[in-house]
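This report concerns only the one structure given below.
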Ligand SMILES: NC(=O)c1ccc[n+]([C@@H]2O[C@H](COP(=O)([O-])OP(=O)(O)OC[C@H]3O[C@@H](n4cnc5c(N)ncnc54)[C@H](OP(=O)(O)O)[C@@H]3O)[C@@H](O)[C@H]2O)c1
């Protein structure tokens with residue numbers, strides 16, 4: 001009796017794990033071997049792509065990828081000079097129009113009326129909600145400046161939420177569109193010493209999954225991307241320094257490798273880690289009970305906390 005019960009529970013758990021972790025790989029493989037021509041991103045979603053935090057790191061990589069696919073690109077970030085350089089680089093390289101809007105999402109509610117006006121003339125096909133900030137290094141909650149806590153909430157949670165609210169009516173009128181929400185592998189487990197960052201990413205994952213279902217009947221797609229460590233200015237503190245390599249620094253993925261896979265998944269799957277190697281890490285994490293995951297993250301970040309407390 002008990003043996004049968006355990007066999008059934010075991011079989012169901014394995015089947016559910018396989019479905020959850022292999023479904024996307026199978027869909028992507030089918031696309032790779034498809035003989036019929038697929039619509040371009042412009043035909044499928046519309047001419048313009050808006051990318052928040054598009055002047056650096058992962059956002060800049062999306063901007064290059066989408067411009068290479070023929071989309072016109074509109075970048076949003078704080079630094080006008082940096083935005084202008086990236087826009088010029090993209091236009092020269094791919095021959096597509098590239099504009100930018102200056103906005104500081106950390107200022108919260110007050111910036112959105114103007115941003116909404118600036119976005120209104122554009123026929124937006126793809127919105128990449130990429131902008132995100134993190135504490136410079138792992139840190140105890142009570143040591144964090146209150147301004148940093150508001151930044152984390154306004155930038156990581158506020159920007160994506162408000163921008164979806166702004167662009168969805170236009171996408172619904174056009175009966176097309178793709179929203180890409182950049183979450184993080186940190187969303188899969190509470191993360192001590194990066195607790196607010198991880199919680200903001202858990203918000204994005206939950207928000208994005210729900211939005212995917214809500215928008216489906218209107219022909220609009222919503223993709224959730226949950227990367228692991230990618231080498232950008234956000235993770236520079238983990239990068240190997242001369243003569244020192246840690247297990248984490250060895251695992252930092254180059255942003256070009258990340259976007260090659262993440263870009264390929266656009267319009268094909270609704271959830272992804274972006275890169276296959278991060279997909280494997282998440283599949284392993286999902287085999288473990290949540291309490292054990294929390295213990296692993298606690299250990300990892302306790303080590304990082306003590307490493308950076310000693311070095312500063
Ligand atoms: N790197 C990773 O390992 C990793 C892993 C998982 C998830 N992610 C997520 O991926 C996204 C991109 O991360 P990244 O590593 O590419 O970051 P990044 O290299 O630090 O780039 C951040 C971008 O956001 C802009 N930005 C920062 N604060 C802003 C603000 N207040 N208002 C407007 N724009 C602002 C920056 O430009 P300005 O400074 O000029 O404004 C820059 O363009 C984030 O959501 C992050 O949480 C990253």
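The values are calculated or read from the model by the stated rules, or taken from the named source; none is laboratory data. In this text, all values refer to a predicted model and were calculated from it rather than measured experimentally. Backbone-built Cβ (ideal geometry, glycine too); neighbour counts: all protein chains shown.
In this structure, is residue 45 crowded, with 22+ Cβ neighbours inside 10 Å, more than 16 Å from the ligand (Cβ to nearest atom) and either under 24 Å from the mean Cα position of the chain (by Cα) or under 19 Å from residue 259 (Cβ atoms) (or both)? Yes, satisfied. Residues of segment 169-192 that are in contact with a strand residue (DSSP E or B) (Cβ under 8 Å, 6 or more places away or on another chain) and either at pLDDT below 95 or surrounded by 20 or more Cβ atoms within 10 Å (Cβ to Cβ) (or both): 171, 177, 178, 179, 180, 181, 182, 183.
Just wondering, is there one or more residues in segment 104-118 that are under 24 Å from residue 65 (Cβ atoms), part of a helix (DSSP H, G or I) and in contact with a helix residue (DSSP H, G or I) (Cβ under 8 Å, 6 or more places away or on another chain)? Yes: one or more hits. Annotation note: of 39, 123, the sole residue that is free of Cβ contacts under 8 Å to residues at least 12 places away in the same chain and away from the ligand (no atom under 16 Å from the Cβ) is 39. Applying the criterion of at least 3 residues that are under 25 Å from residue 150 (Cα atoms) and without any contact (Cβ under 8 Å) to a residue 40 or more places away in the chain to the helices (runs of 4 or more DSSP H) found wholly in segment 187-283 leaves 195-215. Comparison of 67, 3 shows that the only residue that is outside any loop (DSSP other than H, G, I, E, B), out of contact with any strand residue (DSSP E or B) (no Cβ under 9 Å at 6 or more places or on another chain) and farther than 20 Å from residue 220 by Cα is 3.
Annotation: residue 133 fulfils all but one of (1) within 12 Å of the ligand (Cβ to nearest atom); (2) surrounded by fewer than 20 Cβ atoms within 10 Å (Cβ to Cβ); (3) part of a helix (DSSP H, G or I); the unmet one is (3). Checking each residue in segment 76-103 for being within 11 Å of the ligand (Cβ to nearest atom) and part of a loop (DSSP other than H, G, I, E, B) picks out 78, 79, 103.
In the set 214, 221, only one residue is over 18 Å from the mean Cα position of the chain (by Cα), within 25 Å of residue 119 (Cβ to Cβ) and at pLDDT 95 or above; that residue is 214. When the residues of segment 192-235 are filtered to those that are under 23 Å from residue 141 (Cβ atoms) and out of contact with any helix residue (DSSP H, G or I) (no Cβ under 8 Å at 6 or more places or on another chain), which remaining residue is farthest from the ligand (Cβ to nearest atom)? It comes out as 206. Of the residues making up segment 284-295, those that are free of Cβ contacts under 8 Å to residues at least 12 places away in the same chain and closer than 16 Å to residue 186 by Cβ are 284, 288, 295.
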